[in-house]
Amino acid sequence: MIQDKALHTTLCGIDMQTPVLTASGTFGFGEEFADFVDLSRLGGVMVKGTTLLPRRGNDGVRITETPQGMMNCIGLENPGVDVFLKETLPRIEKYKMNVIVNISGSAVEDYGELAAMLDVPGVAAIELNVSCPNVKDGGIVFGTDPKMAAAVTEAAKKRTSKPVILKLSPNVSDIKVMAKAGEDAGADAISLINTLMGMEINIETRKPTLGNITGGLSGPCVRPVAVRMVWEAHNTVKIPIIGMGGISNWRDAVEFFLAGASAVAVGTANFVDPSVTMKICDGLNFYLKTHKIKSIRDIVGKVDIG
Ligand SMILES: Cc1cc2nc3c(=O)[nH]c(=O)nc-3n(C[C@H](O)[C@H](O)[C@H](O)COP(=O)(O)O)c2cc1C
């Protein structure tokens, strides 16, 4: 049996064998990785973005490689919340993992509705993806406006007994304002970062590479931005932070803990090595042991800025 005593933690009342989670959209529903990963060893699996109705996603090219990363414009392809509840959730129950459901809406009310529908056994928490446009009201991305991010958080909080995690977008000028808006609206935790908006142009055809023209940048290239934002958020709010953005190995993960994350999530790196999360857990155990640190909790926010 694997000993993860020093990694054990709780976040928003959720018991986690390790503080290493997987980021939404990069790990399916977890079951796809069961041959590579001991799913119960993860702190949780943040499942693919779920919407009220099924979505086909975007047409055309959806993924492109970039230096030290990738860009995607999947367009939230998913089977919809009904199929998730009726088929997926009962099927993945056997893995004994914390299932955190990432939800997206095109109106504030969608988040309330989804949060209410997902207030069922087997769901550990709800993560609000606010990096999508408020189609009903002007098309502004929820996560770039503190009032809208707060409204979405309140709508979800009102309708569920589960912990609500607000996932912040990095496409803002001041992440501290967004983190505070989430905390004040009642979020139990925040997670960050979602992808950074980018664009690539094929110079021969003069056309954008991606079918959606722009896409979300992720992977090692975004890590310094993510670490900075986690640190700023940690200095602003008291609620726990789940840090993510370019984590590919245990050293990257340690950086996020030192910056102020209570847990981390791994995204793009799962595509490179499907068992990377297990290596990160092993590496964190090694780091704590060699530095004679009893618990991962002891290094959260302990960056020495002099
Ligand atoms: C292919 C792909 C699909 C994603 N889908 C979602 C999604 O459905 N909901 C969401 O909140 N974030 C989504 N993300 C963002 C990731 O969860 C994560 O926040 C981001 O990629 C940064 O972490 P990373 O650099 O480790 O990948 C997606 C990312 C990728 C690469």
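The values are calculated or read from the model by the stated rules, or taken from the named source; none is laboratory data. On a predicted model such as this, the values are computed, not experimentally measured, just so you know. Please note: Cβ atoms are built from the backbone with ideal geometry, for glycine as well, and neighbour counts cover all protein chains shown. Each accessible area value is taken on the protein alone, full model and side chains, heavy atoms only, with ligands, DNA and RNA left out. Shrake-Rupley method; radii C 1.70, N 1.55, O 1.52, S 1.80 Å.
Filter the range 186-218 down to residues that are open to solvent by less than 10 Å² (accessible area, probe 1.4 Å) and not β-branched (Val, Ile, Thr) and give me whichever is farthest from the chain's Cα centre (by Cα).
LEU210
With polar (S, T, N, Q) and more than 16 Å from the ligand (Cβ to nearest atom) as the only criterion, which of THR205, THR209, THR214, THR195 stands out? So that I can check it myself, show each step before the final result.
Details: THR209 fails: more than 16 Å from the ligand (Cβ to nearest atom); THR214 fails: more than 16 Å from the ligand (Cβ to nearest atom); THR195 fails: more than 16 Å from the ligand (Cβ to nearest atom).
Checking each option against the conditions leaves just THR205.
Looking only at the range 143-191, count every residue that is farther than 18 Å from HIS234 by Cα and free of Cβ contacts under 8 Å to residues at least 24 places away in the same chain and tell me the total.
The qualifying residues number 1.
Could you check ASP304 against (1) open to solvent by 40 Å² or more (accessible area, probe 1.4 Å); (2) part of a helix (DSSP H, G or I) and say which number it fails?
(2)
Give VAL20, VAL61 a once-over and let me know the one that is open to solvent by less than 10 Å² (accessible area, probe 1.4 Å) and of a type in the set (A, V, I, L, M).
Details: VAL61 fails: open to solvent by less than 10 Å² (accessible area, probe 1.4 Å).
When all the criteria are applied, what remains is VAL20.
Scanning the range 97-137 for residues that are open to solvent by 40 Å² or more (accessible area, probe 1.4 Å) and within 16 Å of the ligand (Cβ to nearest atom), which turns out nearest to PHE27 (Cα to Cα)?
Across the range 97-137, the extreme among qualifying residues is SER131.
For the range 219-249: of the residues being out of contact with any strand residue (DSSP E or B) (no Cβ under 8 Å at 6 or more places or on another chain), more than 8 Å from the ligand (Cβ to nearest atom) and open to solvent by 50 Å² or more (accessible area, probe 1.4 Å), which is farthest from ALA185 (Cα to Cα)?
ASN249
Considering every residue within the range 140-149, establish whether at least one is among the charged types (D, E, K, R), modelled with pLDDT of 95 or more and under 20 Å from LEU217 (Cα atoms).
No; the residues of the range 140-149 include none that is among the charged types (D, E, K, R), modelled with pLDDT of 95 or more and under 20 Å from LEU217 (Cα atoms).
If you scan the range 15-51, which residues turn out to be away from the ligand (no atom under 12 Å from the Cβ), small (Gly, Ala, Ser) and either more than 14 Å from the chain's Cα centre (by Cα) or part of a loop (DSSP other than H, G, I, E, B) (or both)?
Selection gives GLY30, ALA34, SER40, GLY43.
Which residues, counting only those in the range 1-14, are open to solvent by 10 Å² or more (accessible area, probe 1.4 Å) and in a strand (DSSP E or B)?
Across the range 1-14, the qualifying residues are THR10, ILE14.
Does the range 75-95 hold any residues that are more than 17 Å from GLY57 (Cα to Cα) and within 16 Å of the ligand (Cβ to nearest atom), and which are they?
Within the range 75-95, THR88 is the sole residue that qualifies.
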